[in-house]
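Please treat every number below as a calculation from the coordinates, not as lab data. These numbers were taken from a predicted model, which means no experiment stands behind them. In this analysis, Cβ positions are derived from the backbone assuming ideal geometry, glycine residues included, and neighbour counts consider all displayed protein chains.
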Amino acid sequence: MCGRYASARSRIELLEEFVVQRDRVDEPLTPDYNVAPTKPVYAVMTRKSRQDRQPAADLAQSGPPDSAPAAARELRIVRWGLVPSWAKDISIGSRLINARSETVSEKPSFRNAFARRRCLLPADGYYEWQQPPAGTKGPKQPYFICRPDHGVLAFAGIYELWRDRSMPEDDPAAWLWTAAVITTTAPDELGEIHDRMPMVIDRASWSDWLEPANTDAADVRALLAPAAAHGLITYPVSLAVNSVRNNGPELVKEAEPVSPGSGGRSDA
């Protein structure tokens, strides 16, 4: 799974890195080295113009009105934890932070988003926790997993729009944008820490992944090739990352691993 990650790049960096054509960010996010479920995060997506969307009666599936003249790549802020359009309230989002690549096209909570609302979630890396050696006690050891050059990762994501029906549908505040990270089986070197990991979309496939007109499930699933999961490095980091109250660049720096049988606690 993916339960925490780091996203510290600035809005300007992401606009350039992902060749964004429309900036939909009103208030830039501060660097976050301990992204947790329900937090706001950046997302890159391709959105069509209003005239290319469904009628107003179907806005619950396609989103709020948008005055943009044509389909283009956008940068937006979304809430981590997908809330399906049919949900009665947003609390379900805290349980839908990940979508398994093997079933994302089939699960009722995810299949519509997978077909039409795919996104990229920029990350500097992510955290996983390893159980202490068998027969020993102590906290789980947190690891940071990233590119060798510490470049940006593009997690495969899906997004949804949930409407607060107590508000007029033309009020932007009536719409909640949410997203989930698609996960896959971790390769052997990462599987020793955790058997699941975020799916990373290769740069050459960004456009195909984001293209909303590409709705053939087989073609889209082909972009979720496990080969994109290789080429990452791992190293131990401080137990400070266990608490979401802690935040800062020190969390992603390599630290001495926890000694087997040592004290301490982990709330990961």
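Between E27 and E169, what is the spin-label point distance in nm, taking each point 7 Å from the Cα along the Cα→C-beta axis?
Between E27 and E169, the simple spin-label model gives 2.8 nm.
Within 9 Å, Cβ to Cβ, of I77, how many net charges do the neighbouring residues add up to if Lys/Arg are +1 and Asp/Glu are -1?
Overall, the nearby charge balance is +1.
Taking Cα pairs under 8 Å and at least six residues apart, what relative contact order does region 5-252 come out at, in percent?
RCO, region 5-252: 22 percent.
Where Lys and Arg each count +1 and Asp and Glu each count -1, what net charge lies around V19 among other residues with Cβ under 13 Å from its Cβ?
Computed value for this residue: -2.
Ranked highest first by average number of other Cβ atoms within 10 Å, how do 114-120, 5-11, 217-223, 164-170 line up?
Peptide ranking by packing, descending: 114-120, 5-11, 217-223, 164-170.
Sorted by average packing, counted as other Cβ atoms within 10 angstrom per residue and highest first, what order do 121-134, 83-96 take?
Details: 121-134: 19.6, 83-96: 15.4.
Per-residue Cβ counts within 10 Å, averaged per peptide and sorted highest first, yield 121-134, 83-96.
Can you give me the three principal axis dimensions of region 5-252 from its C-alpha atoms, in Å, biggest first?
60, 37, 35
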